[in-house]
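> Take a look at this one; I'll ask things after.
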Amino acid sequence: MHLQALWRVRSYVKPHLRTMVLMIVAAVCGTVVAAYMPIVTKQMIDGPLAQGDRPGVKPIVLLFLAIGVVDGGLAFIRRLMLAYAATEMETVMRNDFYAHIQRLDLAFHDRWQTGQLLSRANSDISVIRRFVGFGLVFLVVNIVTFIYVIGVLMTMHVGLALLTAVGFVPVAFVSRRFNRSYGTVTRQVQDQIGDLTTQIEEAAQGIRVIKAYGRRETMLAKFMAASKEIQHTSMAQTILRARFFGLLGVIPKVVQAMVLLAGAYAVAHGSLTIGELVAFFSLMVMLVWPVESLGEILSMGEEAATAAERIYEVFDTPPLIADKPDAVNARTDGPAHIRFHDVGFTFPGSTEPVLRGVNLEIAAGETIALVGATGSGKTTLLAMIGRLIDPTQGSVLLDDLDVRDLKLASLRSRVSVAFDDPTLFSASVRENVLLGAIDAGDEALRAALEVASATFVDELPWGLDTRVGEQGISLSGGQRQRLALARAVVGRPAVLVMDDPLSALDVRTEEAVHQALHAALQDVTAIIAVHRPSTVALADRVAFLQDGRIAAVGTHADLLETNPAYAAVIGDEPAVLHHDADEEEVA
Ligand SMILES: Nc1ncnc2c1ncn2[C@@H]1O[C@H](COP(=O)(O)OP(=O)(O)OP(=O)(O)O)[C@@H](O)[C@H]1O
Ligand SMILES: [Mg+2]
């Protein structure tokens, strides 16, 4: 049974075990006190009432009141303490989940829908919190209550008590059957919610495309169909629950009827007083709620188990790219040297390799342009230097050490990447640029912005403190690209990896970036994936990627002359770095 999944949550519950046990004990004490009330009632009926002793009534009533007040106060404290423990557990679990999905590799994120991760992080973790903070506690309390009350009933009348206990046995069978079918349908609902979350997320992110293509109606129809499906499954879930709760509601009534019958018989034959029968019956009423609520608790447990299963599917996925136990630090000084040795790569699930035997050496301080047709594998190759992916064949060496033998943190502080798709986070310009070099001061930040010609930031409403990204102002594609470039150069990394970093810039801005970047690249080992001859001019040499291999290496002019395929990909303009004539005159 999959309730085992729930057992795995114990490490999160453990820090709160003392609070929980304490609260359970408090709740049980409450039950014991409550179970004492019918006995007081019995004393009242058989004592003062039967004997007409009026002064004897008052203390009993006061006792009732006092017990009620104390019980209420305890319940309040109990709820607060439990809620605190449960929300604390939920917070820790959610933080761990976030940390784990950050550690997971790109292949994992390619495979998983964002909505499935979102629904796990939000609703599944909350479901577990509700069960731990409420269901679990009452499960224990109810079982203890049941045993205790049956025990007290035994002291009153063994026969009737046994009849009561046996009468409740069918509950066990009904619950077992319910658990089995409820688990399946719960999993279905929770998975469907994940899919729906993905749709909402994509609709929000792709709103421009949806509107521009007039696909609002189609998307809405798709969404409504998915919503309807959830409604159907939820209804199936509810019908199961309703049937189960219905049965659970009937069982105690049947038992009560039997006890009433047998009790009346016992009173008639003098083996029980009326007071005793009333007490017995009121005590029995205490069993009704624990049994009826069992349904609610079991369904909560079932939902929590499913939620735990879904969460552990993510926790159980180990990050494929992680430090080896004997990983060493990368060098921290001097320019770096990079070598691709027989590198091949095949995407998971694909049979055709994207790269097959790439050999390329980039000398310390050299800048290489990587040219290749679209889809030839440039982005894939570049991603291997900072270990965003690992080659499936061969190796990438940084300063003659396999990057897989280096500590990730040290590798990534030596290698900096400007991606082709510049992502900005909901944070200030400063935070976005200093993402990888939090300790770099304002001076380094300024220099990086100069290199990337991103001085437009000064015109933003709050300058460097302007919030950008989803929660802030929107920047243009070219502006975002320049911030991403500034982010890559800011820490003065030894290795700079740039994936088509200037694709969104106009010619003038591109030239300006070239000027500054050319200077900044002097003592840096760099590899730039490029599509335009203008950017090739930044490089000392060009490597041409074709059919998954480096087909040729040389200067732009050489390759144009010797390799027609190269000219076909990049065009046959000369690669020249335009120098600003005016500036040169002034200098
Ligand atoms: N996550 C992925 N899963 C499966 N195949 C992929 C994945 N990413 C890329 N590919 C495939 O791998 C090939 C190389 O892609 P890559 O992004 O490296 O090309 P590229 O040279 O950078 O192209 P471009 O110049 O358009 O940026 C493409 O055919 C692409 O379809
Ligand atoms: Mg690419």
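> Inside region 358-380, can you point out the residues that are within 18 Å of D400 (Cα to Cα) and within 37 Å of the chain's Cα centre (by Cα)?
Matches in region 358-380: V358 only.
> Exactly one of (1) buried (at least 16 other Cβ atoms within 10 Å of the Cβ); (2) more than 28 Å from Q515 (Cβ to Cβ); (3) away from ligand 2 (no atom under 16 Å from the Cβ) is unmet by A373. Its number?
Looking at each condition in turn, A373 falls short on (3).
> Okay, moving on. Please report, ordered by residue number, the helices (runs of 4 or more DSSP H) entirely within region 398-479 with at least 2 residues that are over 25 Å from A322 (Cα atoms).
Of the helices (runs of 4 or more DSSP H) lying wholly inside region 398-479, those with at least 2 residues that are over 25 Å from A322 (Cα atoms) span 429-433, 442-451.
> Of the conditions (1) in contact (Cβ under 8 Å) with a residue 12 or more places away in the chain; (2) surrounded by fewer than 16 Cβ atoms within 10 Å (Cβ to Cβ), R187 fails just one. Which one is it?
(2) is the only condition that R187 fails.
> Considering only residues that are among the aliphatic types (A, V, I, L, M) and part of a strand (DSSP E or B), which ones fall in region 329-353?
If the condition is that a residue be among the aliphatic types (A, V, I, L, M) and part of a strand (DSSP E or B), then I338, V343 are the ones that fit.
> May I pose another question? I'd like the residue in region 390-403 that is in contact (Cβ under 8 Å) with a residue 60 or more places away in the chain and open to solvent by 30 Å² or more (accessible area, probe 1.4 Å) and, out of all such residues, is nearest to ligand 2 (Cβ to nearest atom).
D390
> Kindly indicate the residue of region 1-16 that is outside any helix (DSSP H, G or I) and at pLDDT below 90 and also surrounded by the fewest Cβ atoms within 10 Å (Cβ to Cβ) among those meeting that condition. Full working, then the answer.
As a first pass, look at region 1-16 and keep what is outside any helix (DSSP H, G or I): 1-3, 8-9.
Subsequent filtering for residues that are at pLDDT below 90 retains 1-3.
Numbers: M1: 10, H2: 15, L3: 16.
Filtering first and then ranking leaves M1.
> Would you say G68 is surrounded by 12 or more Cβ atoms within 10 Å (Cβ to Cβ) and touching a Gly at 6+ places or on another chain (Cβ under 6 Å)? First the steps, then the outcome.
Details: surrounded by 12 or more Cβ atoms within 10 Å (Cβ to Cβ): yes; touching a Gly at 6+ places or on another chain (Cβ under 6 Å): no.
No; evaluated as a whole, the condition is false for this residue.
> Would you mention how many residues in region 498-515 are within 16 Å of ligand 2 (Cβ to nearest atom) and either over 16 Å from A448 (Cβ atoms) or open to solvent by 60 Å² or more (accessible area, probe 1.4 Å) (or both)?
4
> Show me the helices (runs of 4 or more DSSP H) entirely contained within region 204-320 in which 2 or more residues are assigned by TED's automatic domain parsing to the domain that holds Q43 and surrounded by 18 or more Cβ atoms within 10 Å (Cβ to Cβ).
216-268, 274-315
> Going by the structure shown, is E201 acidic (D, E), more than 24 Å from A304 (Cα to Cα) and open to solvent by less than 70 Å² (accessible area, probe 1.4 Å)?
Yes.
> If only one of E450, E431, E443, E470 is modelled with pLDDT under 95, acidic (D, E) and touching a helix residue (DSSP H, G or I) at 6+ places or on another chain (Cβ under 8 Å), which one is it?
Details: E431 fails: touching a helix residue (DSSP H, G or I) at 6+ places or on another chain (Cβ under 8 Å); E443 fails: touching a helix residue (DSSP H, G or I) at 6+ places or on another chain (Cβ under 8 Å); E470 fails: touching a helix residue (DSSP H, G or I) at 6+ places or on another chain (Cβ under 8 Å).
Of the residues listed, the single one that is modelled with pLDDT under 95, acidic (D, E) and touching a helix residue (DSSP H, G or I) at 6+ places or on another chain (Cβ under 8 Å) is E450.
> How many residues, within region 347-370, are open to solvent by 10 Å² or more (accessible area, probe 1.4 Å) and within 13 Å of ligand 1 (Cβ to nearest atom)?
Residues in region 347-370 being open to solvent by 10 Å² or more (accessible area, probe 1.4 Å) and within 13 Å of ligand 1 (Cβ to nearest atom): 9 in total.
> Which condition from (1) within 32 Å of the chain's Cα centre (by Cα); (2) within 16 Å of ligand 1 (Cβ to nearest atom); (3) of a type in the set (V, I, T) is the one that T317 breaks?
Failing condition for T317: (2).
> Kindly establish whether L406 is over 30 Å from A537 (Cα atoms), more than 16 Å from ligand 1 (Cβ to nearest atom) and crowded, with 21+ Cβ neighbours inside 10 Å.
Against the criterion (over 30 Å from A537 (Cα atoms), more than 16 Å from ligand 1 (Cβ to nearest atom) and crowded, with 21+ Cβ neighbours inside 10 Å), L406 qualifies.
> Would you check which residues across region 371-381 are of a type outside the set (S, T, Y), within 8 Å of ligand 1 (Cβ to nearest atom) and in contact (Cβ under 8 Å) with a residue 40 or more places away in the chain and list them?
G372, A373, G377, K378, L381
> Looking only at region 235-286, which residues are hydroxyl-bearing (S, T, Y) and over 30 Å from R187 (Cβ atoms)?
Y265, S271, T273, S282
> Against the condition of a type in the set (A, V, I, L, M, F, W, C), within 16 Å of ligand 1 (Cβ to nearest atom) and closer than 27 Å to R492 by Cβ, how does L397 come out, does it pass?
Details: of a type in the set (A, V, I, L, M, F, W, C): yes; within 16 Å of ligand 1 (Cβ to nearest atom): no; closer than 27 Å to R492 by Cβ: yes.
Judged against the criteria, L397 is not a match.
The values are calculated or read from the model by the stated rules, or taken from the named source; none is laboratory data. The structure presented is a predicted model; accordingly, all values stated were derived computationally and were not measured. FYI the Cβ positions are ideal-geometry reconstructions off the backbone, even for glycines, and counts take in every protein chain you see. Keep in mind that these areas ignore ligands, DNA and RNA; they rest on the heavy atoms of the full protein, side chains included. Shrake-Rupley method; radii C 1.70, N 1.55, O 1.52, S 1.80 Å.
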